[in-house]
Amino acid sequence: MSMKAPASNLLVWVGDRMVCIRIAGRASFNSSVDFKTLVTSLYQKGYPRFVLDLTDCLLMDSTFLGVLAGLGLKFGAARNGDPYPCLELLNPNPRILDLLENLGVSHLFKIVNGAEPAIEKMAAVETTPAIPDRKEISRTCLEAHQTLMNLNPNNIPKFKDVAQFLADDLKKMEEAERQPDEGGNPR
C-alpha cells in the first residue's frame with residue numbers, strides 16, 4: 001500500500017487589511033495556479049498582508065515554492081520601504097524551512113512561529129478551484145522554476161532540465177494551437 005500525500009487544500013479568511021490562507025496537505029503544482037490567482041486577486045482588491053498558515057502543510061514541491069517566491073519578490077518590490085505588503089509564513093515545518101533555505105528564498109518572507117491568527121474574527125471566503133488547462137499549468141510551472149533559477153544561481157543545475165522540458169512542451173502546445181483543424185480553421 002502506498003502512502004500518497006494528500007493534495008493541498010486552501011482555506012481562506014479575510015479581515016481588516018489581512019488575509020489568512022491555511023494550506024493543508026501537500027502544496028504542489030496542482031494547487032499553484034489557484035493559489036497564485038487567489039493571492040493576486042485579493043492583493044489587487046487592496047489586501048496588503050497575507051499570512052500563510054502552514055501548520056498542516058506537509059510539504060511543498062518546487063513549482064509551489066517558485067510561485068511563492070515569485071509572490072514574495074512581487075510584494076518586496078511593491079513594499080518600497082513600507083511595512084506592507086507582506087507575506088508571512090506561519091509555522092512552516094522543518095522540511096519546508098530547509099527547502100526555503102536551500103533554494104535561497106527564505107529572505108523573501110517573514111517566518112513566524114506561534115498561535116494561529118484569530119480567524120473567528122475574520123470572514124471565510126469561498127474559493128472555487130479553477131480547472132486550469134495543461135498549458136496554464138505548464139506555463140505556471142515554467143515561470144516558477146525560472147523564478148527559482150533567477151533568484152539563486154545554485155538552483156540552475158537543479159531545475160534547468162525541467163525548465164527546458166516545460167519550455168519545449170509549452171512551445172509544442174502553442175504550435176498545435178496554431179495548426180488549422182480539418183476544416184482549415186485555426187484552433
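The values are calculated or read from the model by the stated rules, or taken from the named source; none is laboratory data. Keep in mind that what you see is a predicted model, and the values were worked out from it rather than measured. Please note that ligands, DNA and RNA were not included when accessible areas were found on the heavy atoms of the full protein model with its side chains. Shrake-Rupley method; radii C 1.70, N 1.55, O 1.52, S 1.80 Å.
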From the phi angles alone, apply the Karplus equation (6.51, -1.76, 1.60; θ = phi - 60°) to the range 141-153 and give each ³J(HN,Hα) in whole Hz, x where the residue is Gly or Pro.
4, 5, 4, 4, 6, 5, 4, 4, 6, 5, 6, 8, x
Residue by residue through the range 9-20, what is 3J(HN,Hα) from phi via Karplus (6.51 cos²θ - 1.76 cosθ + 1.60, θ = phi - 60°)? Round to whole Hz and write x for glycine and proline.
9, 9, 10, 10, 10, 10, x, 6, 6, 9, 10, 10
Taking placed amide H atoms and a strict 5 Å upper bound, the residues 5 or more places from L58 or on another chain that come that close are G25, R26, A27
Cα centroid of the range 28-79 to Cα centroid of the range 128-163, whole Å
14 Å
Within the set K45/K171; K135/K160; K36/K135, which residue pairs have Cα atoms separated by over 23 Å?
K45/K171
With every protein chain kept in place and a 1.4 Å probe, the residues K135, K158, K172 fall, from largest accessible area down, as K172, K158, K135
Please list, in order along the range 35-40, the HN-Hα scalar couplings obtained from phi with the Karplus expression 6.51 cos²θ - 1.76 cosθ + 1.60 (θ = phi - 60°), rounded to whole Hz, x for Gly and Pro.
4, 4, 4, 4, 5, 4
Nonlocal amide H pairs with C86, under 5 Å, H built at 1.01 Å
R49, F50
